[in-house]
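To start, the structure itself, in structure tokens.
Rule-based calculations on the coordinates, nothing more; no lab input. Note that the structure is predicted; figures quoted are calculated from it, not measured. Ideal geometry is used to build each Cβ from the backbone, glycine not excepted, and the neighbour counts take in all protein chains shown.
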Amino acid sequence: MTFVDAIKAGLKNYSNFKGTATRTEFWYFYLFNVLLNVVLSTFDSFIAPSGSGAPGASGIMSTAGPLYTLVNIALVVPNLSIGFRRFHDAGFSAKWLLLWVLPVIIFFATGGLALANEVKLTANSSDQEVLSALGVFVPTLLVALAVGGFQLFVYLRSTKAKDNKYAGAAAEETSASE
């Protein structure tokens, strides 16, 4: 599958959460997303330079321009569907993508939201304030890294052609012809 074919397949199958997506198709579509975001960020920086943001706006989202935001909202469903199909191709249920809820649960369970609103760390923060913040954010970060590592493992895994209950008849026909 070529780069252009992968983009066409990813956009054409935007609502198809069944079936499979090969590694090539998935990673080419991912590359398309990265390149598109670079181009859109560049256009947005010309349209609305970062200095023209709302007063008091700071952080990553203050630099996201209108084109970048609109296109990424439009690509949420195609990205989810190709992720589902990639999990199926690797022989996993797409329910494993729900693991991303775990870091959110841990963040709220450790009181991360309350601490984030209460503690403003500065260069003059006491050791107790820093340790308190780390006690909340480190477990959340470690779980998020573990979930991301697992997801990367699945995305890099080769096609499971035999006994893949998620692939359906199309994958069985492909493996039989090879």
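Please list, in order along the stretch 9-18, the HN-Hα scalar couplings obtained from phi with the Karplus expression 6.51 cos²θ - 1.76 cosθ + 1.60 (θ = phi - 60°), rounded to whole Hz, x for Gly and Pro.
In residue order, the calculated couplings are 5, x, 7, 5, 9, 4, 9, 8, 9, 10 Hz.
What is the sum of charges, Lys and Arg at +1 and Asp and Glu at -1, for the other residues whose Cβ falls under 12 Å from the Cβ of Ala94?
+3
Applying the Karplus parametrisation 6.51 cos²θ - 1.76 cosθ + 1.60 with θ = phi - 60° to the phi angles of the stretch 22-32, what ³J(HN,Hα) value in whole Hz is obtained for each residue in order, glycine and proline being reported as x?
Whole-Hz 3J(HN,Hα) from phi for the stretch 22-32: 5, 4, 4, 4, 5, 6, 5, 5, 5, 4, 4.
Which of the peptides 19-30, 135-146 is most tightly packed, and how do the rest follow, judged by the mean count of other Cβ atoms within 10 Å per residue? Intermediate values should be presented prior to the final figure.
Numbers: 19-30: 19.8, 135-146: 14.9.
Those peptides, ordered most packed to least, come out 19-30, 135-146.
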